[in-house]
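Below is one structure, written out as structure tokens; comments come after it.
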Amino acid sequence: MPKEIFTSWGRVLKLEHEVVALSNRFDELPKISQGSSTFLPYGNGRSYGDSCLNAGGTILKTAALDRFIAFDPETGILRCESGVLLSEILRLIVPQGWFLPVTPGTRFVTVGGAIANDVHGKNHHVSGTFGRHVRQLELLRSDSQRLICAATEHPDYFAATIGGLGLTGLVTWAEIQLRRIGNPWIDAETIRFESLDEFFSLCEESDWDYEYTVSWVDCAGKGKRLGRGLFMRGNHAPADSMPANYSQKTRTFPFTPPVSLINSITLKAFNSAYYHKQISRELRHTQHYEPFFYPLDGMLEWNRMYGPKGFFQYQCIVPSQNGEEVIAELLGEIAASGMGSFLAVLKICGDAASPGMLSFPMKGVSLALDFPNRGEKLEHLFKRLDHIVRSAGGRLYPAKDGRMPGDLFRSGFPRWQEFTNYIDPDFSSSFWRRVMEEV
Amino acid sequence: MRKILIVGATSVIAEATARIWAQRGDHLFIVARNKQRLDAIADDLRVRGCSNVNAYIMDANDFDAHVPMLDAAEKALNGLDTVLIAHGTLSDQPACQQSVDLTMKEFTTNALSTIALLTHIANRFEQQKKGTIAVISSVAGDRGRQSNYVYGSAKAMVTAFTSGLRQRLYQSGVSVVTIKPGFVDTPMTASFKKGLLWASAGSVAKAIDNAMRKQQGIVYAPSFWCIIMLIIKGIPEFLFKRIKL
């Protein structure tokens, strides 16, 4: 089997794996002798840490499982192979008046990846996670069994596979219920807020009337500036809206700079500038869906800006009771450390039940931040943040994680033991071995 | 709106090219041996916007099946104006060296079957005085190398044949495009270690579509292979024979 180096979005780990490039959904999994290797499916590598890596094992590349199977433009039911990118789906469905029911912050993830991480987006408080809109999927196990999984068929495998990080087997295809839209525009508003208090009030007032809400927060803000940021909310524009001007332009970050471009000086400067980017406190505009949902997709390989050491993302969610205090404590620790990045996102998640055993969102508030990789110093900060999250009864997001300790994973995801019953014996990942190490 | 026949439609390069055409609204008649994979491709093309796609099962090495297939294509699409021949296998050179049978089979698949098809198609297009015929050859056909000369010489046959055909059919307004891909990342090359020179099937598909629209003669895909092969072809034989290429 040929070998290839695989990395994840954080670019911290670059590991050599044996590769099996699958070519279609009918392919059988190769046979491996017991114990000699394990498989892990790999879509587009947009997970940040080691959940998409399998050190010493075999990667099942799903990039060529990129076929559409069926699409009904009347009902909005789409069936496709698991390697299809959400960007490809959008190119197909938007001109026909349909949209993804849930989308994460990048469209360059595969359907399989969206299911394996049970991704969520700006409309979580309305529509829940991606898995809620998957009607059925086919799971290929290493013993050659093909299980059709749905809420009413192998429901336990369905619940294990959604958010199951690729460990229950290979998802070959999936069927999704899309949602109707009138046009590709979003009526968006950006509001500057000066404190966390204001953020939470804005959430309360917006969550009823706005389908999409998310905030950028200044992670370097201390004291009076703690928790200041920009609140973004929006709805699909009504069908008869006038189109706005939009031309899709993607650029590519040209090379990896020798050191991270984000450091404590550039951070403060950028954050101040960004916080004040609009003159008025409230700004209303009609935008194409691409810059609204995928602001970073316009710069391909932006993750290079963190330099050769790469970066970590810390994404946690804490329950809504005491949510404001906990977030304030987290932001306080981060600001005091001087570390962090201008990419800091705050979002309220709703109570729509997540269908997966290991699904991340809960009713509460989620904070996500990028940190350039600063080794030990960063890990000390993370340990302090872990302590705050654990005490609050929260958890970290495996899709973004590269270092959470096993006990924090297990306390955050109480259904992990139930989940182990559905892991395919020939599948494993670096993430899973790491969080199960002391078990 | 063109009426396009694709032989070897389950090839990754052919599938990628078919997608470009489906999205453009062309009508397609796709031919391959494996029904399950071919039907999956047809479904995908339909979802992507092809209003008329027909899947037809045929083995290119079954020469008797060529005429019925062409008749079926013309019937299904109400005529034919474009053909892409994309079937083939990457010969196992060491195994071929030990077996005359295997070597002959490889020549049949990679050269003779293509030539048989082209003989029929050329006559039909010459009569209708219009059309575009594209054939996937390879840079391997530019000069025989010890690592793959069975495959290389089969492709050399295809390159020479299409060159003559191009000249003949020019007089009738029919264009013949010889496509020479370099290293392409597909299931055919799954066991090779990939490097800088490797291209994706998608980029080769774009090059094919471009060359066909512009009615070019010989196209290297990606184009830098033109320079590489110029250098390879320029090495004098007394030196070339000593190299382990």
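The values are calculated or read from the model by the stated rules, or taken from the named source; none is laboratory data. Treat the numbers as computed from the prediction; the structure is a model and nothing was measured. When we count neighbours, we look across all protein chains shown, and the Cβ atoms used for this are built from the backbone with ideal geometry, even at glycine.
Of the residues making up region B:204-213, not a single one is in a loop (DSSP other than H, G, I, E, B) and out of contact with any Leu (no Cβ under 9 Å at 6 or more places or on another chain).
Checked against the criterion of being within 14 Å of another protein chain (Cβ to nearest Cβ) and under 21 Å from the mean Cα position of the chain (by Cα), the candidates B:A65, B:A55, B:A111, B:A86 yield just one match: B:A55. When region B:23-42 is filtered for residues that are farther than 20 Å from A:T172 by Cα, surrounded by fewer than 24 Cβ atoms within 10 Å (Cβ to Cβ) and within 13 Å of chain A (Cβ to nearest Cβ), only B:Q23 remains. Of all residues in region A:218-232, at least one satisfies being touching an Asp or Glu at 6+ places or on another chain (Cβ under 6 Å) and not β-branched (V, I, T).
Select, from B:V67, B:V53, the only residue that is hydrophobic (A, V, I, L, M, F, W, C) and more than 14 Å from B:K3 (Cβ to Cβ). Answer to the check: B:V67. Residues considered: A:L13, A:L60, A:L40. Of these, the only one that is touching a strand residue (DSSP E or B) at 6+ places or on another chain (Cβ under 9 Å) and within 14 Å of chain B (Cβ to nearest Cβ) is A:L60. For region A:349-369, name all the residues that are of a type outside the set (S, T, Y) and buried (at least 23 other Cβ atoms within 10 Å of the Cβ). Those that are of a type outside the set (S, T, Y) and buried (at least 23 other Cβ atoms within 10 Å of the Cβ): A:G356, A:M357, A:L358, A:F360, A:P361, A:G364, A:V365, A:L367, A:L369.
Of everything in region A:63-89, what is surrounded by fewer than 21 Cβ atoms within 10 Å (Cβ to Cβ), more than 10 Å from chain B (Cβ to nearest Cβ) and in contact with a Lys or Arg (Cβ under 6 Å, 6 or more places away or on another chain)? Give them in sequence order. Hit for region A:63-89 is A:S87, nothing else. Elements of the type strands (runs of 3 or more DSSP E) sitting completely within region A:71-165 and holding at least 2 residues that are without any contact (Cβ under 8 Å) to a residue 60 or more places away in the chain, within 21 Å of A:S47 (Cβ to Cβ) and more than 13 Å from the chain's Cα centre (by Cα): these cover A:134-140. Selection of region A:174-199 for residues being touching a strand residue (DSSP E or B) at 6+ places or on another chain (Cβ under 8 Å) and either free of Cβ contacts under 8 Å to residues at least 40 places away in the same chain or within 24 Å of A:K224 (Cα to Cα) (or both) yields A:T190, A:I191, A:R192, A:F193, A:F199. Would you be able to say whether some residue in region B:9-16 is away from every other protein chain (no Cβ under 14 Å) and outside any helix (DSSP H, G or I)? There is no residue in region B:9-16 that is away from every other protein chain (no Cβ under 14 Å) and outside any helix (DSSP H, G or I).
The residue pairs whose first member lies in region B:42-64 and is touching a residue at least 12 places away in the same chain (Cβ under 8 Å), whose second member is assigned to a loop (DSSP other than H, G, I, E, B) and not hydroxyl-bearing (S, T, Y), and whose beta carbons are closer than 7 Å, counting only pairs six or more residues apart or on different chains, are B:D44/A:R67; B:G49/B:G25; B:I57/B:R33; B:D59/B:R33; B:A60/B:G8; B:A60/B:H87.
Beta carbons closer than 7 Å, at least 6 apart along the sequence or on distinct chains, pair a first residue in region B:184-207 that is within 11 Å of another protein chain (Cβ to nearest Cβ) and within 14 Å of B:R19 (Cα to Cα) with a second that is modelled with pLDDT of 85 or more and assigned to a loop (DSSP other than H, G, I, E, B) for B:A201/B:T186. Tallying residues that are under 14 Å from B:A111 (Cβ atoms) and surrounded by fewer than 24 Cβ atoms within 10 Å (Cβ to Cβ) within region B:165-180 yields 1. Of the helices (runs of 4 or more DSSP H) lying entirely inside region A:374-433, the ones with 3 or more residues being under 21 Å from A:V318 (Cβ atoms) and touching a strand residue (DSSP E or B) at 6+ places or on another chain (Cβ under 7 Å) are found at A:376-391. Do the conditions hold for A:H133, that is, is it of a type outside the set (K, R) and buried (at least 24 other Cβ atoms within 10 Å of the Cβ)? So A:H133 does not fit the description; no. All of (1) surrounded by fewer than 20 Cβ atoms within 10 Å (Cβ to Cβ); (2) at pLDDT 95 or above; (3) over 29 Å from B:G144 (Cβ atoms) hold for B:F107 with one exception: (3).
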